[in-house]
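In what follows, a structure is listed as structure tokens, so that the remarks can point back to it.
The numbers here are math on the coordinates, done by the rules we state, and not lab data. Everything quoted here is computed from the prediction, not taken from an experiment. When we count neighbours, we look across all protein chains shown, and the Cβ atoms used for this are built from the backbone with ideal geometry, even at glycine.
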């Protein structure tokens, strides 16, 4: 999806880094694609420590807007 002119796109894992997620901190120490990295990714993917509601609140506090193409 192309960026909207005048807006900044959310960067992958921006929320995770901003809240100092302990799993993200461990993930950052591992080589991408390694077995340990993939194990840590599965924690994020299947058992995130935070809720969608927390993420949504953070997005609003940071001024992000959620848009959908017409």
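Observations
- Of (1) 1.03; (2) 1.07; (3) 0.98, the label for Rg/Rh (Cα atoms, Kirkwood Rh) derived from the coordinates: (1)
- Footprinting exposure proxy ranking of 52, 44, 16, fewest other C-beta atoms within 10 angstrom first, gives 52, 44, 16.
- FRET efficiency estimate (nearest 0.05) - Cβ-Cβ, residue 67 to residue 19, R0 25 angstrom: 0.60
- Sequence of 40, 25, 59 once ranked by neighbouring C-beta atoms within 10 Å, starting from the fewest: 25, 59, 40
- Ellipticity at 222 nm from helices only: DSSP H runs of n ≥ 4 in the chain, each -39500 (n - 2.57), divided by the residue count, give -14500 deg cm²/dmol.
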